[in-house]
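Please read the structure below before turning to the comments.
The values are calculated or read from the model by the stated rules, or taken from the named source; none is laboratory data. Given the structure is predicted, the values throughout are model-derived calculations rather than measurements. Every residue, glycine as well, gets a Cβ built from its backbone with ideal geometry; the counts of neighbours run over all protein chains shown. For the accessible areas, the whole protein counts, side chains as well, though only heavy atoms, and no ligand, DNA or RNA atoms are used. Shrake-Rupley method; radii C 1.70, N 1.55, O 1.52, S 1.80 Å.
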Amino acid sequence: MIVLGIETSCDETSVAFVRDGRDILSNVVASQAELHRQYGGVFPEVAARQHVLTIVPVLQEAMAKAAVKWEDISAVAVTYGPGLVGSLVVGLNLAKALAIARRLPFIGINHLEGHVYSAWLRFSPDEPALEPTFPVLVLIVSGGHTELVLMRGHGDYVLLGHTLDDAAGEAFDKVARLLGLPYPGGPHIEQVAREGNPRAFNFPRAWLPGTYHFSFSGLKTAVLREVEKYHKEPEPAGKERRAPFMPVVLRELPVPDLAASFQQAVVDVLVGKTTQAARAFGVKEVILAGGVAANRVLREQMAATLEPLGVTLRVAPLPLCTDNAAMIAGAAYWRLRRGERSPLDLDAVPNLPLAPSPAEAEENLKGNEPR
Ligand code: KG4
Ligand code: ZN
């Protein structure tokens, strides 16, 4: 079964063709990162309009690269949430138009489910064909989400924990801005951190005991306070302030040390919480998914911590960690196989959750609470 996948939830326009939920025939990704750099983040309206401009050329390129004909395609899958509504509708409308014109089954896919299934995709039939070993523990770490999810079977998710404020990727992006690094911040922080000492600054780790939740805003503020020491003149002792108040560079920012120490704080918490949950639920397989999964320090430390417990870490190939349509086509296969279809009036759902019921999550947590 060859599925055509479409992804336009944020700032990547992508179309892919995937066979049987596993083999990537083509996966074309047009990133808008360059366009948004001047704004220091994704500008929603600019993103939507750019999707309109690029989606058809991206489709044509993906089709040519996969060397498929319309007759070979079994279904059209598209991200319908979570994401930016103006961006989502561009992909949704193309998918619906293609499904109607070619009389193909149509299915909407949760973007986060796409990230999960990215771990089982392969570029070449020479690579091993992987099957999930349920239950699987999934850590989704992207620009918009930080979620720890227990996957009990295909399409069956229980939310164990989520971030109470910033997502891990968002923290990387915000801290990069504080350090004067370009958007998207994650890869730049990782790069400069290689030259830095992860123990130079002892930034706070929000362990939130007794829960599998995360919090990164305190860490971001701690980095800000540290940066201010280098950039802000100390407040005058009396009431009089210099007007206008201008920040004065006091000392050169130790960017590599700050980046490395920040990154280590994020990695420690992500690895620590995931390991606790892996033990509590007795899983044999952990999936690390989403843009932040591209981080090499995170991948290495997670693998090194899980391995002695007999737990296998699966991470998508690097190009599939960030947003792409192959993961959408991959996830769609398992739903289509179960006979699932979506109505053609399917709407974009900007806050679409992966695991629907927090109450169910609480029920499943009983007896498995972290210490
Ligand atoms: O999954 P994704 O492409 O888009 C969303 O669905 O959000 O994730 C993008 C996020 C950004 O915040 C980016 O800074 C982060 O992933 N990211 C990284 C790395 N590569 C991308 N964070 C840390 N280290 C990286 N190497
Ligand atoms: Zn994503």
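Here are some notes:
- For the range 127-198 and the range 273-316, distance of Cα centres in Å: 11 Å
- Potential extension, residue 191-residue 129 segment - 0.36 nm per residue separation minus Cα distance: 19.1 nm
- With all protein chains modelled, accessible area of residue 274 [1.4 Å, Å²]: 0 Å²
- Close amide H pairs (under 5 Å, H built 1.01 Å from N) link residue 214 with 162, 163, 164, residues at least 5 positions away or on another chain.
- Under the simplified labelling scheme, the residue 279-residue 300 pair shows an inter-label distance of 2.4 nm, with each label point 7 Å from Cα along Cα→Cβ.
- CD proxy at 222 nm, helix term only [per DSSP H run n ≥ 4: -39500 (n - 2.57); per residue of the chain; nearest 500]: -12500 deg cm²/dmol
- DSSP beta bridge pairing in the range 4-122, given as percent antiparallel to the nearest 5: 55 percent
- Extreme residue, positive dipole direction of the chain, given options 2, 100, 210 (C-beta unit charges): 210
- Two-site FRET efficiency, residue 309 against residue 351, from Cβ-Cβ distance with R₀ of 35 Å, rounded to 0.05: 0.55
- 14 Å beta-carbon shell around residue 256, net charge (K/R +1, D/E -1): -3
- Radius of gyration over Kirkwood radius for the range 160-203, both on Cα atoms: the Rg/Rh ratio is 1.03.
- For the pair residue 202 and residue 251 in one chain, pulling the backbone fully straight at 0.36 nm per residue adds 15.7 nm over the alpha carbon distance.
- Packing rank of 191-199, 165-173, 209-217, where each peptide gets the mean count of other beta carbons within 10 Å, highest leading: 165-173, 209-217, 191-199
- The range 14-143, accessible surface, carbon-and-sulfur percent (1.4 angstrom probe): 55 percent
- Percent of Cα-Cα distances greater than 33 Å, calculated over the chain: 33 percent
- Size of charge dipole - the chain - debye, nearest 20, with Cβ of Lys, Arg +1 and Asp, Glu -1, no other charges: 160 debye
- Listed peptides 129-138, 95-104 appear in the order 129-138, 95-104 once ranked by packing, highest mean of other Cβ atoms within 10 Å at the front.
- Lysine pair number, Cα distance threshold 24 Å (strictly under), the chain, separation 8 or more or different chains: 13
- Residues considered: 27, 324, 295. Largest GNM mean-square fluctuation over the chain, using C-alpha springs under 10 Å, is found at 295.
- Antiparallel content of DSSP bridges confined to the chain, in %, to 5: 55 percent
- Spin-label proximity, residue 229 to the range 176-209 - amide N less than 13 Å from point 7 Å beyond Cα toward beta carbon: 200-204
- Less than 5 angstrom separates the built amide H of residue 25 from those of 17, 18, 19, all sequence-distant by 5 or more or on a different chain.
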